[in-house]
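Everything on this sheet refers to the single structure shown next.
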Ligand code: UDX
């Protein structure tokens, strides 16, 4: 099948490489010339494990190509995926900015030739597919096409596996022809018995927001319970196990921490709150999850202050991990962006290390922080060491070595990676999240 993907961001690039791997002929289009030139050589703009290998392999096998030219690629395509960005609007009101989607629809419309399905893959508010349809009709009244919604549920750092082995595929379609094409595209997956939920366009659009909002609620729930655990001297890790074994609750996304970040949960929860307002409805529970998430970040700052004896001024705080989660260089809405400036403001000196995110971090963090090349270098002379993102390379720290290099042996484990007794036995003061 001939497929065009418009937008070579996270979703577009991963989808393009994986659909090419399925054997489809995929052309990825982007209006950023420099990016496209680099992609043609197999140079990937983001860090995502395995993506570079997959892109190079499929370029060599002629299943995947890159271009800036929509006019040449669209006429041949049976399916066009819109995977351009939908950032929060610059107005700061939480609405998703759909300019890129609508611009893409406008640009591709004149080039549609035979029947084509135009599929929204980006996370877009309910009603966007209808708008895309209206725009294409306006621009090209002769076009023979359908619109569809096919939201993507991949996680950064595990994107290829998530695409290749999803829990489900969701497609929102209105015609048999569009459904047939989408089923054909995903045939390699449902041959592996991946369930496919075929529904209306609006349901598919809303399902994506509902999934992300639910996961955000789950994280905020366990973060609040973690705080209760601290108050009543309970252990949130055992508690999460105890409740998670109930199949109705499930054991995933019950890890307390410094609050969720990333390109999806913060943006999509806000967008959902705005969408429902327009319909005169409310999602109180999502609003609460957003508030709890902000409070959790502030609580982490307080936790660090307490471990420093109530005052950050003049103290050196070493931070391990800056990205919003491991295995990505993505800094968007990372808790580090809130926590580090709050510590700086109170007069702390900050030394940091991150395996992949330091270049990206420079765009988001004040330039007064010191970047170092190892965890041990970051810890040198520090009054406390904060584990903020649970990269694998921070999971087997040598506490004796850290103790020798730090000014005071204080370890703040915001991801509950370590067993408190082990760290304390190494001579450290220890605190985690949700366990005394
Ligand atoms: C998420 C969704 O998982 C994915 O389905 C959707 O397509 C995009 O948004 P992603 O943002 O890449 O993916 O990361 P995810 O692994 O879901 O983590 C998001 C945030 O939640 C991270 O900051 C992570 O640290 C935090 N988190 C996750 C927790 O604090 N506790 C958990 O138990 C799980």
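Just so it is clear, none of the values below were taken in a lab; they were calculated from the coordinates. Computed from a predicted structure; not experimentally measured. We place every Cβ from the backbone using ideal geometry, glycine too, and count neighbours over all the protein chains shown.
Extent along the principal axes, Cα only, for region 2-199: 41, 39, 37 Å, with the longest axis given first.
Averaging 1/r over every pair of different alpha carbons in region 149-214 and inverting the result gives a Kirkwood radius of 12.3 Å. Cβ crowding within 10 Å ranks 353, 24 as 24, 353, fewest other Cβ atoms first.
Give me the percent of Cα-Cα pairs in region 299-431 that sit more than 19 Å apart, rounded to a whole number.
Tail fraction, whole percent: 42.
When only Cα pairs below 8 angstrom with a gap of at least 6 residues are kept, region 156-199 shows a relative contact order of 55 percent. Entry for region 24-117 at q = 0.17, 0.25 Å⁻¹: log10 I(q)/I(0) = -0.87, -1.28, Debye formula applied to identical alpha-carbon scatterers, no solvent contribution.
Using per-residue counts of other Cβ atoms within 10 Å, averaged over each peptide, order 391-399, 108-116 from highest down.
Going from most to least packed, we get 108-116, 391-399.
Here the mean projected area of the convex hull built on the C-alpha positions of region 113-153 is 2.9 nm². Modelled spin labels at residue 113 and residue 137, positioned 7 Å past Cα toward Cβ, are 2.5 nm from each other.
Full extension of the chain between residue 103 and residue 374 gives 93.2 nm of extra length, using 0.36 nm per residue less the Cα-Cα distance.
Mean silhouette area of the chain, derived from the convex hull of its C-alpha atoms and averaged over all directions, reads 21.9 nm². Highest-first packing order for the peptide set 205-216, 279-290, 73-84 is 73-84, 205-216, 279-290, based on the mean count of other beta carbon atoms within 10 Å. A simple packing score, the average count of other Cβ atoms within 10 Å per residue, orders the peptides 148-159, 168-179 as 148-159, 168-179, with the highest score first. Once you divide the Cα radius of gyration of region 189-278 by 2.2 N^0.38 Å, the number left is 1.34. Over the C-alpha atoms of region 123-272, the Rg to Rh ratio, Rh being the Kirkwood estimate, stands at 1.08. The spacing between region 389-433 and region 8-56, judged by their C-alpha centroids, is 39 Å. Computed over the chain, the per-residue total of -39500 (n - 2.57) for DSSP H runs of n ≥ 4 gives a 222 nm mean residue ellipticity of -13000 deg cm²/dmol, rounded to 500.
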